[in-house]
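Input: a single structure, listed below in structure tokens.
The values are calculated or read from the model by the stated rules, or taken from the named source; none is laboratory data. From a predicted model like this one, the values you see are computed outputs, not experimental measurements. So basically every Cβ, Gly included, is an ideal-geometry build from the backbone, and we count neighbours across all protein chains shown.
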4 protein chains.
Amino acid sequence: MAAVNAPARKIKVGILGATGAVGQRFIQLLAGHPWFEVAALTASDRSVGKAYGEAAKWIIRGGIPAGIAGMHLVPTEPGAIDGEIRLLFSAIPGGTAGGVESELADAGFAVCSNASAHRMDEDVPLLIPDVNPEHTALIAGQKRKRLALGKKAGYIVTNPNCTSTHLVCALKPLHDAFGLRAVNVVTMQALSGAGYPGVASMDILDNVVPYIGGEEEKIEIEPRKLLGKVKADGIEYADLLVSAQANRVAVRNGHLEAVSVKLRDEASLEDVAEAFRSYRGEPQRLGLPTAPEPAIILHTEADRPQPRLDRLAGKGMATSVGRLRPDPLFDYKFIVLGHNTIRGAAGGALLNAELLYAQGLL
Amino acid sequence: MAAVNAPARKIKVGILGATGAVGQRFIQLLAGHPWFEVAALTASDRSVGKAYGEAAKWIIRGGIPAGIAGMHLVPTEPGAIDGEIRLLFSAIPGGTAGGVESELADAGFAVCSNASAHRMDEDVPLLIPDVNPEHTALIAGQKRKRLALGKKAGYIVTNPNCTSTHLVCALKPLHDAFGLRAVNVVTMQALSGAGYPGVASMDILDNVVPYIGGEEEKIEIEPRKLLGKVKADGIEYADLLVSAQANRVAVRNGHLEAVSVKLRDEASLEDVAEAFRSYRGEPQRLGLPTAPEPAIILHTEADRPQPRLDRLAGKGMATSVGRLRPDPLFDYKFIVLGHNTIRGAAGGALLNAELLYAQGLL
Amino acid sequence: MAAVNAPARKIKVGILGATGAVGQRFIQLLAGHPWFEVAALTASDRSVGKAYGEAAKWIIRGGIPAGIAGMHLVPTEPGAIDGEIRLLFSAIPGGTAGGVESELADAGFAVCSNASAHRMDEDVPLLIPDVNPEHTALIAGQKRKRLALGKKAGYIVTNPNCTSTHLVCALKPLHDAFGLRAVNVVTMQALSGAGYPGVASMDILDNVVPYIGGEEEKIEIEPRKLLGKVKADGIEYADLLVSAQANRVAVRNGHLEAVSVKLRDEASLEDVAEAFRSYRGEPQRLGLPTAPEPAIILHTEADRPQPRLDRLAGKGMATSVGRLRPDPLFDYKFIVLGHNTIRGAAGGALLNAELLYAQGLL
Amino acid sequence: MAAVNAPARKIKVGILGATGAVGQRFIQLLAGHPWFEVAALTASDRSVGKAYGEAAKWIIRGGIPAGIAGMHLVPTEPGAIDGEIRLLFSAIPGGTAGGVESELADAGFAVCSNASAHRMDEDVPLLIPDVNPEHTALIAGQKRKRLALGKKAGYIVTNPNCTSTHLVCALKPLHDAFGLRAVNVVTMQALSGAGYPGVASMDILDNVVPYIGGEEEKIEIEPRKLLGKVKADGIEYADLLVSAQANRVAVRNGHLEAVSVKLRDEASLEDVAEAFRSYRGEPQRLGLPTAPEPAIILHTEADRPQPRLDRLAGKGMATSVGRLRPDPLFDYKFIVLGHNTIRGAAGGALLNAELLYAQGLL
């Protein structure tokens, strides 16, 4: 398939919850984007009306991109958002995202959300373009329902939890080639995953915290939807057991996951390695601007991937795999690493939006 | 059983490889010990003849215990060690320990070794007094062999790898009560486990290293010997599969382990919790001086145990367990934490020596 | 002077703001105290009525001391505090401490405060028993004023900022012996100094923050009051210039200070070293229970003191000095280290209370 | 002055000691350089003959630049280095650099050295192109001496210690405008300054080490040569007193310096700020490829510069200054930050080579 053409004019987009850690990543990743341009930034009441540069405590190296610092923050409401904007990226924190995103979809916006609120909704795609691009088929149903209720035909698309994202990116080639029966994963997750200010330094210096509220539940269910099949009445979840143990470590960025897999079909070590190496997903086929090439990097060194050395592989959009070896309990075990606030959050939502455009859904 | 009586006069002991990180822990733990007193310190050629205080770069908080700094280092050879000494603690680094320890046992010494060289030898106990105190039955065979070869009747006893130690301390009550079929463990191990200077700061700040050379192999085999049965011709290994993934994290002390277990018998969550809570091992029954009380601490808080808060439980000799919950793949999963250079190294060897004394083997 | 006799019955004390980081240190240090016993714990409205063990997120290793977890929190008001209590330790955060402490002093309590609100008040002692025990002379004036206004004869005594405390403990012997003309200090301060949750981990991992709000101002003025003389109308500040630059580093506990001093009298390097070594203050002479012995530890190793190795010297109450050497701009330069939440906060206030008792002021 | 023209053909260069931490930075910075191309890599005997990719443990993010991994390491000797090479960058460790560099200069090479061995030699420029580009006048004397001894007309140029470099970059505009009388500096230096493996993680986690061997001596003398004047018989050192206290902190890259200065002429705070802001050095005037623009960045935020946020300013070649304010002892105090292994080491040597080319000395 040929690469997708860029739009004749850049598509204006808005960022919901633009001042937080994920909102900042959206701004950084959209700077100079070939298809999209930032035209609105929303924030909570406390910051509405202020210039972005005043309201946000910018924490990403390199400073606020040109043109953004002077933009004024607007409320996260349909009426406050410029009429030319079709697409919204949501970086709204967990608790409040659900209602606001529904309201914006009802008003006709396409919402690419990083929040967990709607991920498990029957008619909302939980989307990784590398893994399940066909799940966008659910969007038609959302539009129909909204129109039937007298709303506008907007819709919501979500990206998974940061840990689920890289886990499933790594599992996808194995599931396609050999079928997955069971997955065990123990995570060592970065501080940025908790947002800002997030984890207190007194809690994590010289320490590991073996608990992240709500995280294991997400990691145990999201892969089943992501690897599921589109049926007439929604997604049929993959028949797959996942067990997760989540830990917080003193690393700035990059979630590391120790994974063990039980396969349905027999596969040699070389078969599995080749499945990782040869994997090419829809984003690569479509030439989406933010797609990494390759999507999966298989390391053969004894001690890689490591967060500090490998989290920025593919500009933070690639998934690194390493230490692939047979397992005495499962079939194989390996290490997965990926950037949690790029591919695992804002970058994942952005790639989703690129897929929507390529599929003619924007 | 009543607590063991202290010896009429303290037993003189020597420390082999006394200047390193584990050697220092032996010195610290033996300061003021009710049964043993340090009478010889050995070192490599480079340091022989020097005063301990000059030769060692002391890295433990609190400084060198009284009386030690002025002791002169002697070679690690039978002839150089005071004749009154019966018991030697070995903190010799991996590569060179094997031959030296054999030579010293041949010369009549009881050697309690922290090195891995002899752990898997058929006639050498791999010993945790809480777990397999009856394995000291192997010692008689060692003595016979040595006498048959015209050597003296010394012997070697080993303690397991630091990670295996706490893992098996936690597994023991479950194995006794329900039988273990399979164990999966992913570790987050402290820096002190690599000795000194050990891990370079440039390698671990803002990072996790998902590899520790030789570690996984030890964790996968040692529990099978530790939980094995004494037979006429040695230890029959436990019929148990273990899979390990070992990671190094930026924590000074305290190995954290994410464990999943498959049991042979059915057990409710409360059964498992009660097995941990009610466990009482031989060191507690005998009242060994270094035995923690209790040996296993079961946490019920959502986010415990943590290395910084819990590694010194039971003065670094206890094993902390937490986050006990059902597992969708195995039966149960939980977190294990323990101090790696106290119970996991020098303290483990010391407890072994205390058991040997209590059993009349010194 | 002979050591002070313990009171016939322990003096009942209360802790204001008992759930925070400094409040917890008060509780820890008062556990088993020979003179004082905790009889009241106060907290903000949110926690009043709850058991301490429920309301406080305990962050100090070792757990909540016996008897405390079940105590119920009362409001920080005169009427709510048990009538048998004479002495209150204040761990109330900066902004709100001033008014509350005055109110409690007006109600007759002796308040030993760690807050900065009243430190520079003309009639309030800014007190380090090692440095200026005679400044308690100000108390009489406070009592007189209160009585004149129809209040009760309570009073407030404060301890300095954590950084000032160790700085002035180290400067005192030099000021006594040679007179101080000028002091330059650059600090590297621990995370616990910012309270809990305090510094975000994202802000300090792999970083130093060269700014601590309000800190430099305190360090530049407090030493002048501490080293000042009692006059009829208050304290005459010492004629001494101090310049401070304050930095936050990724250290849990222990403030490190790089100090340079200009003296009034000539002094050889050995004179200065001897002044540190031979220093003995009022707490040592009186044998106060919390006084370290010695108060100042002079290191001669090239690379000491270090926070991790030396912060607990004298159970966190001693001040460590090292790297004493001539300075090309000033006369001498050296390193000062001390524990910021023990001697620098709760322990300092406790030592003040011990001095008050010894002086018959309780 | 117009920007310098690039050479018609790239100049072939060699890197001495190419496998270490500084050698790696040279390789990284020379990848794609417009004037220079790497044509030889030397190493110690242990690595000679091996491919670079095998011999070096690459520790810089992003991997070994194309074309380098396959290059074979040659001995650090005149005869082993390709005859077309005129310029050598030396990353040889301290102890051995002196003799080797002299030998190579005697054989006709221009040596840009990061080692300290020849820095204080009378006829060797200690060079920062921003600060003292006219010091290259010493080179003629070196050539004459070598020719007189029957050697070839090579020469040695050195760059200062990493801490001195950024300190003097910041001091230069003040010295030019107002004259410097005295400078006090307390440093908080990054781990990479100690090379690899360098500082043990056990020594620095949750710690600061208030000592770096030999560092303070360099910081106290190098600025005087750098700010000195070229005279007939060498450099007349600047009449300036410097006092330094050097500390190691848990930061990967970026040295932070707390600086106080006493000026000869009166200057308002705004005068000093303007001196920093308006500074433009020879590298900017010449448009040297590696020169940052601007060379000095003056921050006005309360808490900047910080290592993590600002060390890569100007691609690691700029010096960041902040917290400029009056000082009660000196005249002004401020914070200086710069990247220690880019501008402070390999990047500094590279900029020196660019200056030499621009001055027609290559």
Looking at A:Asp327 and the list (1) within 30 Å of A:Asn5 (Cβ to Cβ); (2) within 14 Å of chain B (Cβ to nearest Cβ), which single condition is not satisfied? (1)
Is region D:60-81 home to any residue that is under 20 Å from the mean Cα position of the chain (by Cα) and not hydroxyl-bearing (Ser, Thr, Tyr)? yes
Among the residues of region D:122-153, what is the count of those that are out of contact with any strand residue (DSSP E or B) (no Cβ under 6 Å at 6 or more places or on another chain) and not in a helix (DSSP H, G or I)? 11
Which residue pairs have Cβ atoms closer than 6 Å, lie 6 or more positions apart in sequence or on different chains, and pair a first residue in region D:133-147 that is more than 15 Å from D:Ser102 (Cα to Cα) and of a type in the set (Val, Ile, Thr) with a second residue that is surrounded by 15 or more Cβ atoms within 10 Å (Cβ to Cβ) and at pLDDT 95 or above? D:Thr136/D:Pro125; D:Thr136/D:Gln359
Please indicate, with yes or no, whether at least one residue in region A:72-94 is closer than 22 Å to A:Pro7 by Cα and without any contact (Cβ under 8 Å) to a residue 40 or more places away in the chain. yes
Of those in region D:228-249 that are more than 20 Å from D:Asn340 (Cα to Cα) and part of a loop (DSSP other than H, G, I, E, B), the residue nearest to the other protein chains (Cβ to nearest Cβ) is D:Leu240
Being closer than 17 Å to C:Asp176 by Cα and either part of a loop (DSSP other than H, G, I, E, B) or within 14 Å of chain D (Cβ to nearest Cβ) (or both): is that true of C:Arg252 here? no
Residue in region B:186-200 that is farthest from the other protein chains (Cβ to nearest Cβ), counting only those that are within 30 Å of B:Lys333 (Cβ to Cβ) and hydroxyl-bearing (Ser, Thr, Tyr): B:Thr187
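Filter region D:342-362 down to the residues that are of a type outside the set (Val, Ile, Thr) and more than 16 Å from D:Val4 (Cα to Cα) and list them by number. So that I can check it myself, show each step before the final result.
Here is the first cut: in region D:342-362, the ones of a type outside the set (Val, Ile, Thr) are D:343-362.
Passing the criteria: D:Arg343, D:Gly344, D:Ala345, D:Ala346, D:Gly347, D:Gly348, D:Ala349.
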From the option list C:Ile156, C:Ile139, single residue qualifying as in contact with a Phe, Trp or Tyr (Cβ under 6 Å, 6 or more places away or on another chain) and not assigned by TED's automatic domain parsing to the domain that holds C:Glu270 is C:Ile139
Could you check region D:261-348 for helices (runs of 4 or more DSSP H) lying wholly inside it with 3 or more residues that are at pLDDT 95 or above and surrounded by fewer than 19 Cβ atoms within 10 Å (Cβ to Cβ)? D:269-277
Give just the number: which of (1) in contact (Cβ under 8 Å) with a residue 24 or more places away in the chain; (2) among the aliphatic types (A, V, I, L, M); (3) out of contact with any Gly (no Cβ under 8 Å at 6 or more places or on another chain) does A:Ala232 not satisfy? (1)
Considering each residue of region D:107-156, count those that are among the acidic types (Asp, Glu) and more than 26 Å from D:Tyr279 (Cα to Cα), and give that number. 3
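If you check B:Asp203 against the conditions, is it more than 18 Å from the chain's Cα centre (by Cα), within 14 Å of another protein chain (Cβ to nearest Cβ), over 30 Å from B:Glu134 (Cα atoms) and modelled with pLDDT of 95 or more?
On the way: more than 18 Å from the chain's Cα centre (by Cα): yes; within 14 Å of another protein chain (Cβ to nearest Cβ): yes; over 30 Å from B:Glu134 (Cα atoms): yes; modelled with pLDDT of 95 or more: yes.
It is true that B:Asp203 is more than 18 Å from the chain's Cα centre (by Cα), within 14 Å of another protein chain (Cβ to nearest Cβ), over 30 Å from B:Glu134 (Cα atoms) and modelled with pLDDT of 95 or more.
Being in a helix (DSSP H, G or I) and crowded, with 17+ Cβ neighbours inside 10 Å is the filter here, so list the residues in region A:91-105 that pass it.
Filtering region A:91-105 down to residues in a helix (DSSP H, G or I) leaves A:94-105.
Those that are in a helix (DSSP H, G or I) and crowded, with 17+ Cβ neighbours inside 10 Å: A:Ala97, A:Gly98, A:Val100, A:Glu101, A:Ser102, A:Leu104, A:Ala105.
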Would you check which residues across region C:225-260 are among the charged types (D, E, K, R), crowded, with 21+ Cβ neighbours inside 10 Å and out of contact with any helix residue (DSSP H, G or I) (no Cβ under 7 Å at 6 or more places or on another chain) and list them? C:Lys225
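Quick check, is D:Leu263 touching an Asp or Glu at 6+ places or on another chain (Cβ under 9 Å), assigned by TED's automatic domain parsing to the domain that holds D:Ile15 and not small (Gly, Ala, Ser)?
Numbers: touching an Asp or Glu at 6+ places or on another chain (Cβ under 9 Å): yes; assigned by TED's automatic domain parsing to the domain that holds D:Ile15: no; not small (Gly, Ala, Ser): yes.
Against the criterion (touching an Asp or Glu at 6+ places or on another chain (Cβ under 9 Å), assigned by TED's automatic domain parsing to the domain that holds D:Ile15 and not small (Gly, Ala, Ser)), D:Leu263 does not qualify.
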Just one listed residue, out of D:Leu138, D:Leu127, is under 19 Å from D:Gly344 (Cα atoms) and modelled with pLDDT of 95 or more, and it is D:Leu127
Among the numbered criteria (1) more than 14 Å from chain D (Cβ to nearest Cβ); (2) under 30 Å from C:Asn207 (Cα atoms); (3) touching a Phe, Trp or Tyr at 6+ places or on another chain (Cβ under 7 Å), which one does A:Val13 miss? (2)
Give me the residue from region A:7-19 that is in contact (Cβ under 8 Å) with a residue 40 or more places away in the chain and surrounded by fewer than 21 Cβ atoms within 10 Å (Cβ to Cβ) and, out of that set, nearest to A:Asp82 (Cα to Cα). A:Lys12
Among the numbered criteria (1) in contact (Cβ under 8 Å) with a residue 60 or more places away in the chain; (2) among the acidic types (Asp, Glu); (3) within 14 Å of chain A (Cβ to nearest Cβ), which one does B:Glu282 miss? (3)
Taking only region D:86-125 into account, find how many residues are within 16 Å of D:Val74 (Cβ to Cβ) and among the small types (Gly, Ala, Ser). 3
Single residue of region B:31-87 satisfying the filter (at pLDDT 95 or above and of a type in the set (Phe, Trp, Tyr)) that is nearest to B:Ala97 (Cα to Cα): B:Tyr52
Take B:Asp206 and decide whether it is of a type in the set (Asp, Glu) and either closer than 19 Å to A:Ile335 by Cβ or not assigned by TED's automatic domain parsing to the domain that holds B:Val272 (or both). yes
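I'd like to know if region B:154-166 contains one or more residues that are facing another protein chain (nearest Cβ under 10 Å) and in a loop (DSSP other than H, G, I, E, B). Spell out how you get there, then give the answer.
Filtering region B:154-166 down to residues facing another protein chain (nearest Cβ under 10 Å) leaves none.
The answer is no, given that none of the residues of region B:154-166 is facing another protein chain (nearest Cβ under 10 Å) and in a loop (DSSP other than H, G, I, E, B).
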Please state which of the following conditions B:Lys218 fails to meet, knowing it meets all the rest: (1) crowded, with 21+ Cβ neighbours inside 10 Å; (2) outside any strand (DSSP E or B). (1)
Those residues of region B:111-130 which are surrounded by fewer than 23 Cβ atoms within 10 Å (Cβ to Cβ) and touching a Lys or Arg at 6+ places or on another chain (Cβ under 8 Å), in sequence order: B:Ser116, B:Met120, B:Asp123
Taking region D:285-307 as the region of interest, how many residues are within 14 Å of chain C (Cβ to nearest Cβ) and charged (D, E, K, R)? 3
